[in-house]
Structures are given as structure tokens and as C-alpha cells.
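What follows is a short report on a single structure.
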Amino acid sequence: MSFNTSNFVRLFKTIAPHQHRYELFRDFVTLSACTLQNAVRFDQAIEDEYFQVAGKYQKSDLVAISHLFTEVVMGLEKQVGDYLGATYMSLELGSDHIGQFFTPYEVSRMMAKVTAGDDIALPEGQDFITVSEPAAGAGGMAIAFTEAFMEAGFNPQTQLWASCWDIDPVAARMCFIQLSLLHIPAEVVVGNTLSGKVYQVMHTPAHHLGFWGLKLRGRENTAANSAGVQDATLRTAV
């Protein structure tokens with residue numbers, strides 16, 4: 001079932017007609033992401049970025065942009081999926097020279113089912129799993145896997161954490177917005193997965209509210225301690 005993005009597209013076309021459409025979409029995504037980031041953990045630099053972008057628009061345009069965000073919220077409430085990716089393609093903002101096309105969510109769902117298999121299970125001795133998406137786009141694959149994980153009887157908010165990377169700040173912020181609204185604990189990184197260079201890291205509200213920083217550090221410490229015990233055992237054996 002595909003998203004009905006007609007209301008978003010119709011409203012989007014009425015906002016700041018002097019502004020290039022891609023720039024408007026980029027600014028909408030930036031304003032929405034900044035709002036969600038500072039809703040849980042305030043950062044003055046993020047607040048400054050918000051007002052810098054907002055200063056480009058009239059008050060009436062900013063009100064309309066807030067209504068765009070409402071359309072995203074309602075769209076994801078009606079149907080879990082890649083709403084922003086579908087909207088981006090409906091607006092014909094895809095750039096073929098950098099290969100920026102968002103996979104239809106039905107395809108992402110199929111791929112998630114294949115990746116996860118018929119029997120999703122937590123690793124032995126672990127109370128959560130982590131998933132990594134090195135080219136996340138708007139987060140379609142991460143959302144699809146989360147949906148499959150939930151259908152298998154697990155609670156994504158307490159048993160799943162996602163790490164999503166994309167080199168494009170617009171795509172990464174689209175991903176951040178959707179994972180935030182769907183209450184998925186995650187970090188979203190603007191960065192190059194090949195070189196490992198990181199430009200920005202965003203954590204969803206569910207990450208902060210679920211104390212996932214502590215959970216992940218706890219697992220890392222456990223793994224480090226286990227490695228130390230194994231190393232000591234090997235030295236003793238030698």
C-alpha cells in the first residue's frame with residue numbers, strides 16, 4: 001500500500017514560491033529535525049541553526065511549513081513506512097546524477113523479510129539487537145526491519161537499536177525525522193561509511209528516553225571484559 005502524499009505536495013507548492021523547491025524541502029527537513037533534536041536535549045547550536053533557516057521565510061510560510069510536519073506525523077500514524085521518501089519522489093526532487101532515488105517501501109519490506117528470515121531471535125544472552133544501515137537514505141530499510149521485528153513479537157523501543165548513516169545531510173535528516181516519529185531508538189550519522197568520516201550525529205528521542213547510551217556502553221564493557229578474560233586464559237594456557 002503506497003502513501004497518499006497529495007495533501008503534502010499541494011501545500012508544499014504554495015509555500016515561498018520564490019524559493020527553489022529543493023531548497024524549500026531541505027529547509028523544511030532542517031527545521032523539523034532541529035525541533036525534534038531540541039525537544040529532548042537542548043543544544044544552542046541546533047537552536048541557532050533553526051533560527052538561521054527560519055529567518056529566510058515569512059511568518060505565513062513558517063506556519064505552512066509546520067503544517068507540512070503535521071502531514072508527516074499523520075501519514076506515519078496512518079501507515080508505518082517511508083513517508084518522506086515517497087513524498088520526495090512525488091515532488092520529483094530525485095537527482096539522477098548522484099543516484100538519489102528512494103526505494104519504494106514495499107520493496108524495503110520484502111528485503112527486510114529476506115534479511116531477517118522467518119525466525120527473528122535475540123542473540124543468546126542478549127536482551128537487544130543492533131542493526132546497521134550504511135546507506136540509509138530516508139530510513140526505509142531500518143523502518144521495514146523494525147516493523148518485521150515488531151511483527152515477530154518483539155518491542156523495538158526496548159529491544160532494538162539502529163545505526164543509520166548517509167552522506168547526504170538532507171537524506172539523513174529525513175531518516176532522523178521518521179525514526180524519531182516512529183519511536184525507534186537510533187543514531188543517525190551524516191557521514192561517509194567508506195572513509196569513516198563523521199560530520200554530524202543525531203540521536204532520536206527514543207534513544208535518549210530509553211537510556212540507550214548506557215545500554216550500549218554496558219554491552220561494550222561486557223564484551224571488553226570477556227575479551228580480557230579470554231586473553232588471560234590463553235596466556236595461562238601458553
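The values are calculated or read from the model by the stated rules, or taken from the named source; none is laboratory data. Just so it is clear, the model here is predicted, and its values are computed rather than measured. Counting neighbours? That spans all protein chains shown, and the Cβs are built from the backbone with ideal geometry, glycine included. Accessible surface areas use protein heavy atoms only, side chains included; no ligands, DNA or RNA. Shrake-Rupley method; radii C 1.70, N 1.55, O 1.52, S 1.80 Å.
On a full-extension model of 0.36 nm per residue, what is the gain between SER6 and GLN126, subtracting their alpha-carbon distance, rounded to one decimal in nm? Before the final figure, lay out each step's value.
Working: separation 120, 0.36 × 120 = 43.20 nm, distance 4.35 nm.
Taking 0.36 nm per residue and subtracting the Cα distance, the gain is 38.9 nm.
Carbon and sulfur atoms: what percent of the 1.4 Å accessible area of the stretch 15-83 do they account for?
Values: 2020 of 3670 Å².
Roughly 55 percent, rounded to a whole number.
Largest first, what is the accessible-area ranking of THR14, THR5 with a 1.4 Å probe? Mind dumping the intermediate values first?
Values: THR14 90, THR5 10 Å².
Result, largest first: THR14, THR5.
If you plug each phi of the stretch 165-182 into the Karplus form 6.51 cos²θ - 1.76 cosθ + 1.60 with θ = phi - 60°, what whole-Hz ³J(HN,Hα) values come out, in order, with x for Gly and Pro?
Couplings: 10, 7, 6, 8, x, 5, 4, 4, 6, 4, 4, 4, 4, 5, 5, 5, 5, 8 Hz.
Anyone know which of ALA33, ALA144, ALA45 comes out most mobile in the 10 Å Cα GNM of the chain?
Per the Cα network of the chain with a 10 Å cutoff, ALA45 tops the list.
Place a +1 charge on the Cβ of each Lys and Arg in the stretch 30-182 and a -1 charge on the Cβ of each Asp and Glu, then give the dipole magnitude about the Cα centre in debye, rounded to the nearest 20.
320
What residue among CYS175, THR5, ALA39 has its Cα farthest toward the positive end of the dipole of the chain, where the charges are +1 on Lys, Arg and -1 on Asp, Glu, each on the Cβ?
ALA39
For LYS78, which lysines qualify as cross-link partners when the Cα separation must be under 30 Å and same-chain residues fewer than eight apart are set aside?
LYS13, LYS59, LYS113
To the nearest 10 square angstrom, how much accessible area does SER195 have with a 1.4 angstrom probe?
80
Amide H to amide H under 5 Å from GLN200: which residues, 5+ apart in sequence or cross-chain, H placed 1.01 Å off N in plane?
Correct list: VAL190.
Which residue, SER66, SER180, SER108, has the most motion in a Gaussian network model of the chain that connects Cα atoms within less than 10 Å?
Result for the chain, Cα springs under 10 Å: SER66 fluctuates most.
With +1 on the Cβ of every Lys and Arg and -1 on the Cβ of every Asp and Glu, and nothing else charged, how large is the dipole of the stretch 105-172 about its Cα centre, in debye rounded to the nearest 20? All intermediate terms of the calculation are to be shown ahead of the outcome.
Values: 2 positive and 10 negative charges, 18 e Å.
Dipole size: approximately 80 debye.
Please find, in a Gaussian network model of the chain (springs between Cα atoms separated by less than 10 Å), the residue of ASP127, ASP82, ASP168 whose mean-square fluctuation is greatest.
Taking springs between Cα atoms under 10 Å, the residue moving most is ASP127.
Roll a 1.4 Å probe over the protein heavy atoms and report the accessible area of ARG109 in Å², nearest 10.
60
Given the stretch 78-210, what percent of its DSSP beta bridges are antiparallel, to the nearest 5? Kindly include the intermediate steps, with their values, before the conclusion.
Numbers: 6 of 16 bridges.
Once the DSSP bridges in the stretch 78-210 are tallied, antiparallel ones form about 40 percent.
Which order do LYS78, LYS56 take when ranked by solvent-accessible area (1.4 Å probe, heavy atoms of all protein chains), largest first? Don't jump to the answer; show the numbers that get you there.
Values: LYS78 180, LYS56 90 Å².
So, going from the largest accessible area down, we get LYS78, LYS56.
With all protein chains present, how much of the accessible area of the stretch 122-168 (probe radius 1.4 Å) comes from carbon and sulfur, to the nearest whole percent? Numbers along the way, then the final one.
Details: 1080 of 2050 Å².
Answer for the stretch 122-168 is 53 percent, counting heavy atoms of protein chains only.
Roughly how many Å² is the accessible area per residue of the chain, as a whole number, for a 1.4 Å probe? Mind dumping the intermediate values first?
On the way: 12860 Å² over 238 residues.
Accessible area per residue, the chain: 54 Å².
State the antiparallel share, in %, of DSSP beta bridges confined to the chain, rounding to the nearest 5.
Working: 6 of 16 bridges.
Approximately 40 percent, going by the DSSP bridge assignments.
Can you list the HN-Hα couplings for the stretch 132-143, worked out from phi with the Karplus curve (6.51, -1.76, 1.60; θ = phi - 60°), rounded to whole Hz and with x for Gly and Pro?
Karplus values, whole Hz, x for Gly and Pro: 10, 10, x, 9, 6, x, 8, x, x, 5, 4, 5.
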